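Scroll down for the structure; my scribbles are underneath it.
Derivation of every value follows stated rules applied to the coordinates shown; laboratory data play no part. The structure presented is a predicted model; accordingly, all values stated were derived computationally and were not measured. Reconstructed Cβ throughout: ideal geometry from the backbone, glycine too, with neighbour counts over all protein chains shown.
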There are 4 protein chains.
Amino acid sequence: MFQSGFICICGLPGIGSVGKVAADFLATSLQCSTIKPFFSPGFPPQVMVSEGLAKLMHGELMRPREREKLLILSGDAQPLDVLDMYSLAGEILQALKEQGVTDVITLAAYVGENTEKVLGATTDPNFAATLESCNISMLRSGAIGGLNGLLAGMAPRYGLRGVCLLATTSGSESVDLFAAINLLSAIDGLLSLDLDLSLLEPALEQQEEMEAEDNDMNYR
Amino acid sequence: MFQSGFICICGLPGIGSVGKVAADFLATSLQCSTIKPFFSPGFPPQVMVSEGLAKLMHGELMRPREREKLLILSGDAQPLDVLDMYSLAGEILQALKEQGVTDVITLAAYVGENTEKVLGATTDPNFAATLESCNISMLRSGAIGGLNGLLAGMAPRYGLRGVCLLATTSGSESVDLFAAINLLSAIDGLLSLDLDLSLLEPALEQQEEMEAEDNDMNYR
Amino acid sequence: MFQSGFICICGLPGIGSVGKVAADFLATSLQCSTIKPFFSPGFPPQVMVSEGLAKLMHGELMRPREREKLLILSGDAQPLDVLDMYSLAGEILQALKEQGVTDVITLAAYVGENTEKVLGATTDPNFAATLESCNISMLRSGAIGGLNGLLAGMAPRYGLRGVCLLATTSGSESVDLFAAINLLSAIDGLLSLDLDLSLLEPALEQQEEMEAEDNDMNYR
Amino acid sequence: MFQSGFICICGLPGIGSVGKVAADFLATSLQCSTIKPFFSPGFPPQVMVSEGLAKLMHGELMRPREREKLLILSGDAQPLDVLDMYSLAGEILQALKEQGVTDVITLAAYVGENTEKVLGATTDPNFAATLESCNISMLRSGAIGGLNGLLAGMAPRYGLRGVCLLATTSGSESVDLFAAINLLSAIDGLLSLDLDLSLLEPALEQQEEMEAEDNDMNYR
């Protein structure tokens, strides 16, 4: 479906961190290297320190080592301010356009009751049917907030097609690995990336244990 | 009164949604088509999804299919930030000026006790008497907030005349259809649009039922 | 003291409205006419309506009918946002510089215990002694907030001298006429304007009656 | 270690005022004079008055009377707004670059349990070991907020090296002199400034007395 296109998959931090976890997994699995950092005066005004090394908060556009016509975008944070969200989204889309990208796929969370594990939405009226033929059910009604919404929604203003994949989540976990894996399965199906999702199993088991403990706590 | 003018009627979301409901009804009744979308970094940072189709929040300037020298402006939201309200209002007024518009009529709500169903205000000191001769009572004292106020108030800075029509409402309903109909009647009287307001009767009956239920709830 | 200078007296709304009341009284007494309006995207986004006439919130630079080398600045509001305060102050000071103004005197409130009715501060280290020789005591330590502070404090960046006169007030009244009159007396002494402050007596009596009623309320 | 470099030491107000107290002490000890003031629309919109003299809030870049290749930066406040923090940090770094500065050392507070009195972080991966060889332990994990974080974190974008020295503090005191002295000792060790820290002893004794009184208060 996307064979002839040049895709950028974007996952910024959001509800359940589903998009960011999925994008970071893609970056590692596909052995990506950074081609462009993005800074924003809307990011929290702080540097992150790890082992004495201080880095300004930023987003990163990354390129896989072997796969062509694919980019991954992730980041430390979303801008705190609405104006900065719009302007960072515009800056990113401008850069994607210059790279030759044709389709922006953002990864986000859908909070609510739904039997579908992953739902889709697109800015291209003719493309919804194609996505449905690939087993992505369309979101009937709703709103997608933050950068993951804006990057898809603003894509047409830069001549790009916007697609948003939403993983159903309870919204109560700070990191929902199950939902992130559902997104990765959907992306794998759409783009044939041959991802080894079993690498996430140890982390999944850890999450299940933590949830079991959480439940146990409720009885005390 | 407006025979020789080129009018734009603006109804953005606000108290009781009266302006937006009225403008949307005009857009449907007059079979309008969009001639220009407006975006703002002050709109809530989200895309609206309907049947899988994702659209960025926006305002729309629309042209009726048959009626000349008339435009309708409506939108999904008002900017969240004061600065963005001023800058979107300026951008819209600049576009109206370029279209040849001479009079901007905004539709808004008046919350408070008043025997008049619709009140008026204008930026043109000589025009208040003309409006009163058309049975629009003038607002004696008050303030009109948000885009519906700014579009009228800033109009003279773009060489346009600003008029604001305010429908009296309680301010307690999220959608006050009665007030919207009062605005539409006033507009119909001023511009002879031959609107069929009976089309709103089913919605009105629904609202009356909901209000009855609401009242009932108070007794439990 | 100011004989050779070109003075602008500024009174924007603030604590006790002392600056604005004083500036508005000067504008009326000196039969001023507007020479330049100031708008700001930081003003509350609303139009003020009076007898059906809608006006956008604004500031006004005014010129007395007969007195030369004197301007009065007043306004409907202060910007809501700090950034807009700085940028409006800069825009006003630029306009004053272009008019030939040499000294900016702002009128503000001092909340706190002080035996002096009016206190002064200036950006010119050599000028404090001159003001003291005119019976204006200097503020020993404190901060002056908002436009009345910024217009004085930023004046040197535009080559102007900044002076701030502060009337002692309790800070508990929305309009403190007594404090405004103290400012007017001080200004009259400095600039020999021949003001007839008895014109404010009816309003003062009204305020005293209201305060008496207020006090009475405390006993119930 | 910094022999061949041109250093700017920055201490803006923050937790426990440790950076500002240390920078102000350096400015006095090294008999600095101001070479460039910095203003920001993000500073609180007020003028500070001292003995009748009104000054706009500002930051100051200062040069020691005798020591070459060293600058000190301090200021009255940090911008209230995130956007203004980034833009002031950029403006300062641009000015430092133009002065020929190669290393920016910011002084800040670390709130939390740590046996080290001073911790370090740097934007240069090769420089952490050098700092450790000078007895500065590296911060293992954390975030440094505000201008003291941004000035170090953004330094590489201007071709400069960023270093942040953090003094451990409880975070409960508005001025933590002990922590400021620890920073000054560390700086003295790194740059051989021959500071006479005994000058701070009277202030330290005063602080100890106040703390003793505070503790005493807890028993009443």
Taking the label point 7 Å from Cα along the Cα-Cβ vector, the copy-to-copy distances for C:Glu116, listed from shortest in nm with one decimal, are 5.1, 5.1, 7.2
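Beyond 22 Å between alpha-carbons counts as too far, so tell me which of C:Lys69/C:Lys97; D:Lys69/D:Lys97; D:Lys36/D:Lys69; B:Lys36/B:Lys69 fall in that bin. Intermediate results must be reported in sequence, preceding the final value.
Numbers: C:Lys69/C:Lys97 12 Å; D:Lys69/D:Lys97 12 Å; D:Lys36/D:Lys69 16 Å; B:Lys36/B:Lys69 16 Å.
Beyond 22 Å: nothing from the list.
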Ranked by GNM mean-square fluctuation in chain D (Cα springs under 10 Å), the top entry among D:Ala77, D:Ala203, D:Ala27 is D:Ala203
Here the correct list, in nm and shortest first, of distances from A:Asp196 to the same site in the other copies, label points 7 Å along Cα→Cβ, is 6.8, 6.8, 9.6
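Restricting to Cα pairs below 8 Å that are 6+ residues apart, what does the relative contact order work out to for chain C? Please round to a whole percent. Write down the numbers at each step before the final one.
Numbers: 410 pairs, mean separation 54.3, N = 220.
Relative contact order comes out at 25 percent.
Would you please classify the overall shape of segment D:99-220 from the alpha carbon gyration tensor, given that a ≥ b ≥ c denote the square roots of the eigenvalues, rounded means a/c under 1.5, and beyond that prolate means a/b larger than b/c while oblate covers the rest? Write down the numbers at each step before the final one.
Details: a/c = 2.28, a/b = 1.80, b/c = 1.27.
The shape class here is prolate.
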Between the modelled labels at B:Leu80 and B:Lys55 (7 Å from Cα along Cα→Cβ) the distance in nm is 2.1 nm
Label points for B:Glu132 built 7 Å along Cα→Cβ; distances to same position in the other copies, nm, shortest first, come to 6.0, 6.0, 8.4
Looking only at lysines whose Cα falls under 22 Å of D:Lys117's and that sit 8 or more positions away or on another chain, we get D:Lys20
Listed residues C:Gly120, C:Gly90, C:Gly145; largest mean-square fluctuation, Gaussian network over chain C with Cα springs below 10 Å, found at C:Gly145
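Could you work out [θ]222 nm for chain D from helices alone, using -39500 (n - 2.57) per DSSP H run of at least four and dividing by all its residues? Round to the nearest 500 deg cm²/dmol. Don't skip to the end; give the middle numbers.
Working: 6 runs with 76 residues, N = 220.
Dividing the helical sum by the residues of chain D leaves -11000 deg cm²/dmol.
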Comparing B:Asp176, B:Asp84, B:Asp103 in a Gaussian network model of chain B (Cα, 10 Å), the one with the largest mean-square fluctuation is B:Asp84
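Given R₀ = 60 Å, FRET efficiency for C:Ser198-C:Gln94 by Cβ-Cβ distance, to 0.05? Show your work: numbers first, answer last.
On the way: r = 38 Å, r/R0 = 0.63.
In this case the efficiency is close to 0.95.
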Rounded to the nearest whole number, the per residue volume of the convex hull around the C-alpha atoms of chain B in Å³ is 147 Å³
Taking the alpha-carbon centre of each part, the distance from segment C:138-209 to segment C:95-132 in Å is 9 Å
The Rg/Rh figure for segment A:34-137, Cα atoms and Kirkwood Rh, to two decimals is 1.02
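Once you sort the root eigenvalues of the Cα gyration tensor of segment D:19-68 as a ≥ b ≥ c, which label holds: rounded (a/c under 1.5), prolate (a/b larger than b/c) or oblate (the other case)?
Values: a/c = 2.13, a/b = 1.82, b/c = 1.17.
Prolate.
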Fewest to most Cβ atoms within 10 Å: A:Val18, B:Val101, C:Val47 sort as B:Val101, C:Val47, A:Val18
Any DSSP H helix in chain D with Cα axial reach of 20 Å or more and mean Kyte-Doolittle score of at least -1.0? Listed by number, the hits are D:82-99, D:177-191
Ordered by fewest other Cβ atoms within 10 Å, a rough proxy for footprinting exposure, C:Cys134, C:Cys164, B:Cys8, B:Cys32 read C:Cys134, B:Cys32, B:Cys8, C:Cys164
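Assuming R0 = 30 Å, can you tell me the calculated FRET efficiency for the pair D:Ser4 and D:Thr34, based on Cβ-Cβ distance, to the nearest 0.05?
Using R0 = 30 Å, I get an efficiency of 0.70.
Shape verdict for the protein assembly as shown, please, from the Cα gyration tensor: rounded (a/c under 1.5), prolate (a/b greater than b/c) or oblate.
Values: a/c = 1.92, a/b = 1.00, b/c = 1.91.
Oblate, since a/c reaches 1.5 and b/c is not below a/b.
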Final fewest-first order of A:Val49, D:Val175 on the 10 Å Cβ neighbour count is D:Val175, A:Val49
